[in-house]
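The values are calculated or read from the model by the stated rules, or taken from the named source; none is laboratory data. Quick caveat: nothing in here was measured; it's all calculated off a predicted structure. Virtual Cβ from ideal backbone geometry, glycine too; neighbours counted across all protein chains shown. Each accessible area value is taken on the protein alone, full model and side chains, heavy atoms only, with ligands, DNA and RNA left out. Shrake-Rupley method; radii C 1.70, N 1.55, O 1.52, S 1.80 Å.
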Amino acid sequence: EEVSAWDIDVRPDFKGLPAGSGSVEEGETLWLEKCALCHGDFGDSNEVFSPIVLGNVTEEDMATGRVASLTDPAVVRTTLMKVATLSTLWDYINRAMPYGNEKSLQADEVYAITAYVLHLNGLVPATQAINADNLSHIEMPNRNGFRELPGFRPISAEATR
């Protein structure tokens, strides 16, 4: 029982995602209540943490799955420019947010906040609801932006969505 209580990780292939769902609209309400203080109303604040909203990401970057501007030291790097897998974003929100009250969100709240973050970044429409079934179909801007290191298992292309 103790071990299963700690078994909350979500892998790059989305194994471990719990049941649940959340909409952009629900996420916006939760965001303003639980996240905006540190991240700004629209995820663009740079006062406490790096901005979350995409910046300097082109259509070509989205097509190739590699954010070219990350190599430019003059570019302000945002969270979603760097995250290769959507499962990483979901898992991080689930484990580490909100700051000071970590692990307090229910699965539906994590889905909703994730939907809102994706919407802020233009990755899903305002009418979108996300869940364990459709989360893996959303492509991240830097999904191909990490190189494989010797001795590490490669992640399949499907797992990087």
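Check Val24, Val10, Val83, Val3 and return the single one that is in contact with a Phe, Trp or Tyr (Cβ under 8 Å, 6 or more places away or on another chain), within 27 Å of Ala132 (Cβ to Cβ) and modelled with pLDDT under 90.
After ruling out the rest, the residue left standing is Val10.
Cβ-Cβ below 8 Å, separation at least six or inter-chain, first residue in segment 44-71 and on the phi > 0 side of the Ramachandran plot, second of a type in the set (Gly, Ala, Ser): which pairs?
Hits for this filter: Asn56/Ser69; Gly65/Gly145.
Looking only at segment 1-14, which residues are open to solvent by 30 Å² or more (accessible area, probe 1.4 Å) and assigned to a loop (DSSP other than H, G, I, E, B)?
If the condition is that a residue be open to solvent by 30 Å² or more (accessible area, probe 1.4 Å) and assigned to a loop (DSSP other than H, G, I, E, B), then Glu1, Asp7, Ile8, Asp9, Arg11, Pro12, Asp13 are the ones that fit.
Can you tell me how many residues within segment 125-137 are over 16 Å from Gly20 (Cβ atoms) and either in contact with a Cys (Cβ under 6 Å, 6 or more places away or on another chain) or in a loop (DSSP other than H, G, I, E, B) (or both)?
The qualifying residues number 3.
Answer yes or no: is there a residue in segment 15-27 that is out of contact with any His (no Cβ under 9 Å at 6 or more places or on another chain), surrounded by fewer than 17 Cβ atoms within 10 Å (Cβ to Cβ) and within 25 Å of Arg77 (Cα to Cα).
Within segment 15-27, none of the residues are out of contact with any His (no Cβ under 9 Å at 6 or more places or on another chain), surrounded by fewer than 17 Cβ atoms within 10 Å (Cβ to Cβ) and within 25 Å of Arg77 (Cα to Cα).
Considering only residues of segment 74-99 that are part of a helix (DSSP H, G or I) and among the small types (Gly, Ala, Ser), which is most open to solvent (accessible area, probe 1.4 Å)?
Ala96
Please determine whether any residue of segment 31-54 is within 24 Å of Asn142 (Cα to Cα), touching a Lys or Arg at 6+ places or on another chain (Cβ under 8 Å) and either open to solvent by less than 40 Å² (accessible area, probe 1.4 Å) or of a type outside the set (Lys, Arg) (or both).
Yes: one or more hits.
Suppose we filter Thr71, Thr114, Thr127 for residues that are open to solvent by 80 Å² or more (accessible area, probe 1.4 Å) and at pLDDT 90 or above; which single one remains?
After ruling out the rest, the residue left standing is Thr127.
Which ones in segment 100-111 are open to solvent by 20 Å² or more (accessible area, probe 1.4 Å), within 16 Å of Asn134 (Cα to Cα) and not acidic (Asp, Glu)?
Residue satisfying the conditions is Ala107 alone.
Considering only segment 45-97, state which residues are among the β-branched types (Val, Ile, Thr) and over 15 Å from the mean Cα position of the chain (by Cα).
Scanning segment 45-97 gives Val48, Val57, Thr58, Thr64, Val67, Thr71, Val75, Val76.
Quick one: would you say Thr29 is over 22 Å from Asn131 (Cα atoms) and out of contact with any strand residue (DSSP E or B) (no Cβ under 7 Å at 6 or more places or on another chain)?
Against the criterion (over 22 Å from Asn131 (Cα atoms) and out of contact with any strand residue (DSSP E or B) (no Cβ under 7 Å at 6 or more places or on another chain)), Thr29 does not qualify.
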